[in-house]
Amino acid sequence: MRRAEASAPGKIILFGEHFVVKGYRAIATSTSLRAKASVEEIRGPGIVIESENLKVRGSLNLNLEGNMPRELLVYVEILRALKERGFSLIPHRVKLKSYMPISAGLGSSASTSVAYALAYTALHGNPLKDRDLLEVSLEGEKVAHGKPSGIDNTIATLGGTIAYRRGEEPLKVEVNIPEGYTFLIADTGVKRSTREAVEHALKIAESIWKIASLIYEAADRIVEEALKALKTGDVKTLGSLMYVNHGLLNAIGVSHEKLDSIVDEARKSGALGAKLTGAGWGGCAIILAREPAIENIVERISKHAVTIEKARINVEGATIDYSSQ
Ligand code: MEV
């Protein structure tokens, strides 16, 4: 019986979330917290999909009919999109596992979809190339989010770091963070609706656009300066830009008291920078710190976070684990 395994990175938005919704730029990067899919051909009649994190499983026949929990419907769309591209549907079991906080703005559903599509097609001896992988995984995200910007799938597929503006091809960003500096990802554990946070921010911005337009312009200028700082490895500037970006996000109403506490404590305990990442109102904060300061920072922010993970950024995109075959 054939088997194949693949993984794909999660994403963090370094700068520009929410402002990106109105056409300004954002910077997103891949993280070493990945999602994995292990696909195994089985004798049984159909398809079994299991999510270790969500602790749910569902089964389908080879016409994609069956009993699938809502959280797993995105993967049915992946199979549908693969079938449309000529892949035969065979009886198999897929185990999905995400090593990043889920529903916390890190794009775990896109990473898992990319990993599944790559593992399934690798099992057929014909692994999808990047462009197809992107298109197939986007089909899944449409079910999960309605109108995905595509930023999560792009990072999960290609890895690296990108500058992103709505409606334009993402640009690859050069990153040269020196050794000895680390990003921490702190999950507040507070679940929120991305859609509602986005609508709230837009409402505030539009009601005071004369002022808010200056905030949006400032956020875009931050992206410009951050692109230079990432390239030259100027971590001090990068950190300062993160604190300012957090302040601007707070100004448009998408922070949360736990996120503000994490950012405050990080600043007091010597972090170079900290900000919320993603939609806000909960979810995760990111912190940039020198290695020796980490222990102290973790101790001080731990009362506001359910998990704190060390993560490398700018890592490789989706990969097949050939050792599993
Ligand atoms: C959510 O991860 C990022 C937002 O900017 C929404 C979006 O870009 O679609 C808040």
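For the chain, the relative contact order is 26 percent, taking Cα pairs closer than 8 Å that sit 6 or more residues apart in sequence and dividing their mean separation by the residue count.
Here the relative contact order of the range 132-207, from alpha carbon pairs under 8 Å that lie six or more residues apart, stands at 16 percent. Under the classification rounded if a/c is under 1.5, otherwise prolate if a/b is larger than b/c and oblate if not, where does the chain fall, given a ≥ b ≥ c as square roots of the Cα gyration tensor eigenvalues? It is prolate, given that a/c is not under 1.5 and a/b is the larger ratio.
Here the spin labels are modelled as points 7 Å beyond Cα on the Cα-Cβ line, and at TRP209 and GLU257 they lie 3.5 nm apart. Measuring gaps between exposed loop sites in the chain (trypsin sites (Lys or Arg not before Pro); DSSP loop; at most 12 other Cβ atoms within 10 Å), the longest gap, sites not included, is 192-325. Cross-link partners of LYS55 among lysines, defined as those whose alpha carbon lies under 22 angstrom from its own and excluding same-chain residues fewer than eight positions apart: LYS36, LYS95, LYS97, LYS191.
Straight-distance candidates among the lysines for linking to LYS231, with alpha-carbon spacing under 24 Å and chain neighbours fewer than 8 residues away dropped: LYS11, LYS172, LYS275, LYS310. In order along the range 226-240, the phi-based Karplus estimate (6.51 cos²θ - 1.76 cosθ + 1.60, θ = phi - 60°) of 3J(HN,Hα) comes to 5, 4, 5, 5, 5, 5, 8, x, 7, 5, 5, 5, 4, x, 4 Hz; Gly and Pro are listed as x. Annotation note: GluC sites (Glu not before Pro) in the range 167-206 located in DSSP loop regions with a Cβ neighbour count of at most 10 within 10 Å are GLU168, GLU179. For the range 131-252, the square roots a ≥ b ≥ c of the C-alpha gyration tensor eigenvalues yield an a/c of 1.5 or more together with a/b not exceeding b/c, which makes the shape oblate. The separation of the range 56-82 from the range 166-201, counted between C-alpha centres, amounts to 29 Å.
Calculated over the range 65-211, the projected area of the Cα convex hull averaged across directions stands at 12.5 nm². A Gaussian network model of the chain, with springs between Cα atoms under 10 Å, assigns the largest mean-square fluctuation among ALA289, ALA156, ALA218 to ALA218. In terms of its C-alpha gyration tensor, the range 181-311 has an oblate overall shape, because the principal axis ratio a/c (a ≥ b ≥ c, square roots of the eigenvalues) is not below 1.5 and a/b does not outweigh b/c.
For HIS92, the amide hydrogen comes within under 5 Å of the amide hydrogens of ILE42, ILE47, VAL48, counting only partners 5 or more places away or on other chains and with H modelled in the peptide plane. Backbone geometry of the range 5-22 corresponds, through the Karplus equation with coefficients 6.51, -1.76 and 1.60 at θ = phi - 60°, to 3J(HN,Hα) couplings of 10, 9, 9, 8, x, x, 10, 10, 8, 7, 8, x, 4, 6, 5, 5, 5, 9 Hz, x marking Gly and Pro.
Rounded to the nearest whole Hz, the Karplus-based 3J(HN,Hα) values (6.51 cos²θ - 1.76 cosθ + 1.60, θ = phi - 60°) of the range 112-118 follow the sequence 5, 4, 5, 4, 5, 4, 6, with x at glycine and proline.
Structure remark: mean-square fluctuation, Gaussian network model of the chain, C-alpha springs under 10 Å; the largest value among GLY58, GLY159, GLY44 belongs to GLY44.
Summed over qualifying helices (DSSP H, 4 residues or more, each -39500 (n - 2.57)) and divided by its residue number, the chain shows a 222 nm mean residue ellipticity of -12500 deg cm²/dmol. Helix 194-207 sits at what angle to the longest principal axis of the chain, using alpha carbons and giving 0 to 90 degrees rounded to 10? On a 0 to 90 degree scale, this one is about 40. Accessible-area rank, largest first, for THR307, THR232, THR154: THR232, THR307, THR154, with all protein chains present and a 1.4 angstrom probe.
The values are calculated or read from the model by the stated rules, or taken from the named source; none is laboratory data. Not measured: the values here are computed from a predicted model. When we count neighbours, we look across all protein chains shown, and the Cβ atoms used for this are built from the backbone with ideal geometry, even at glycine. Areas reflect the complete protein model, heavy atoms only, side chains present, ligands, DNA and RNA absent. Shrake-Rupley method; radii C 1.70, N 1.55, O 1.52, S 1.80 Å.
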